[in-house]
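Structure, as structure tokens:
The values are calculated or read from the model by the stated rules, or taken from the named source; none is laboratory data. These numbers were taken from a predicted model, which means no experiment stands behind them. Counting neighbours? That spans all protein chains shown, and the Cβs are built from the backbone with ideal geometry, glycine included.
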Amino acid sequence: MAKSAQKKKKPKKIENLLPETQRSVLLKKHTTFRVGGFAEYFFIAKNSDDLVRAVIAARELKIPFFILGDGSNLLVSDSGFQGLVIKARNNQYKIEHQKICADSGVAVSVLVKESVKRGLSGLEWAGGLPGTLGGAIRGNAGAFGGEIKDNVVEVEFLDNRNKVRKFSNKNCAFSYRSSIFKKKSFIILSVIIKFQKGDRNKLSKVAKSHIIYRRTKHPLNYPNAGSIFKNCDFKKAPKAIKKRFLSVVKKDPFPIIPTALVILEAGLSGKRVGNAQISKKHSNYIVNLGGAKASDVKKLIKIVKDTVKNKFNLVLEEEIQII
Ligand SMILES: Cc1cc2nc3c(=O)[nH]c(=O)nc-3n(C[C@H](O)[C@H](O)[C@H](O)COP(=O)(O)OP(=O)(O)OC[C@H]3O[C@@H](n4cnc5c(N)ncnc54)[C@H](O)[C@@H]3O)c2cc1C
């Protein structure tokens, strides 16, 4: 065997592949819940090339990784994340005619503001929706009858073989709070969103009304991660429950029983474990009263699921992502 072949290959290290990587970064500072331990490695992707580079590096080094948007849909464990957290801060966008092409790290609020300002209709339902475009696409975020899928033309993503590809809307397999990107763990890089022409003042009023609604009805004065559970599909609910909740069924985007009301009816409003509490203002929110632990939140989630199953024979499904 040639001498060179006998030489042992030096193992690759994260500091060589991603020299900008930070160590031991506290994740609670990067989530709206203000819960979560340390990330072993933390890398800020300033553009989509960085995002691709970081994912490929993690795969090459065989270390677990996850993409962090604005952390508004996350419950991060108290023991943190052993691996690489890649913060998506790729935030370029351009507006041409009735389309916006935006990086996945752009805040949805920026896109709402920019489109409304130009009299472009399509995203006004998302007034007050926290998070990045990537997070919204992955979970097909929605509110007030709208869903992000309604506006998507094309999504550029990195697949599991490190290939950059594009999917048109119909290939994204959007469904209630889900998409192909969630099912297959694809990495969203950029998105093209289409709009219709609209009246700037009317659009602005709609977006603002949603922001005001959220401020009035949601417990935004405490750290939280939005709705903990998905709403209940009315069609799938047991007969007796359908009857009991018939008067509160609404279309969002299909007929649902609001989970907040189910939790309220179960008598759990205000229930507390440690410093995590089921909000008295909106029962599908758990609020962090200060220094809550992920373990407290998890215990509360279990209490809610068990109680609702026992009382109403309804199985609640988490909307938040648990890391
Ligand atoms: C007060 C409040 C109100 C909310 N109201 C709503 C609402 O009305 N409707 C609704 O649908 N949601 C709502 N949410 C939840 C949240 O805002 C959305 O789910 C949002 O789209 C998440 O985006 P993010 O950037 O914060 O994602 P994160 O929380 O950072 O991440 C969520 C998931 O997406 C993944 N991800 C993020 N970026 C990418 C990417 N580029 N490629 C691949 N995966 C990625 C993450 O790995 C993670 O699994 C609310 C949250 C809060 C705090």
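If you go through the stretch 180-199 and keep only what is surrounded by fewer than 19 Cβ atoms within 10 Å (Cβ to Cβ), under 22 Å from Gly139 (Cα atoms) and more than 8 Å from the ligand (Cβ to nearest atom), you end up with Ile180, Lys183, Lys184, Ile192, Lys194. With respect to the stated conditions, Arg177 is within 12 Å of the ligand (Cβ to nearest atom) and out of contact with any helix residue (DSSP H, G or I) (no Cβ under 9 Å at 6 or more places or on another chain). Residue count for the stretch 210-232, restricted to those that are surrounded by 14 or more Cβ atoms within 10 Å (Cβ to Cβ) and either in a helix (DSSP H, G or I) or β-branched (Val, Ile, Thr) (or both): 5. In the set Leu129, Leu111, Leu158, Leu120, only one residue is in contact with a Phe, Trp or Tyr (Cβ under 6 Å, 6 or more places away or on another chain) and either surrounded by fewer than 19 Cβ atoms within 10 Å (Cβ to Cβ) or of a type in the set (A, V, I, L, M, F, W, C) (or both); that residue is Leu120. Count, please, the residues in the stretch 233-292 that happen to be at pLDDT 90 or above, assigned to a helix (DSSP H, G or I), under 20 Å from Ile303 (Cβ atoms) and over 25 Å from the mean Cα position of the chain (by Cα). Residues in the stretch 233-292 being at pLDDT 90 or above, assigned to a helix (DSSP H, G or I), under 20 Å from Ile303 (Cβ atoms) and over 25 Å from the mean Cα position of the chain (by Cα): 1 in total.
Note on the stretch 73-171: enclosed strands (runs of 3 or more DSSP E) holding 2 or more residues that are under 18 Å from the mean Cα position of the chain (by Cα) and of a type outside the set (Phe, Trp, Tyr) are 81-88, 99-103, 152-158. Candidates in the stretch 27-84 are the residues that are of a type in the set (Ser, Thr, Tyr) and away from the ligand (no atom under 11 Å from the Cβ); of these, the one that is nearest to Val287 (Cα to Cα) is Ser77. Residues that are within 18 Å of Glu147 (Cβ to Cβ) and within 14 Å of the ligand (Cβ to nearest atom): does the stretch 200-208 have at least one? Scanning the stretch 200-208 turns up at least one residue that is within 18 Å of Glu147 (Cβ to Cβ) and within 14 Å of the ligand (Cβ to nearest atom).
Residues in the stretch 143-169 that are among the charged types (D, E, K, R) and either closer than 26 Å to Glu114 by Cα or near the ligand (Cβ under 10 Å from one of its atoms) (or both): Glu147, Lys149, Asp150, Glu154, Glu156, Lys166.
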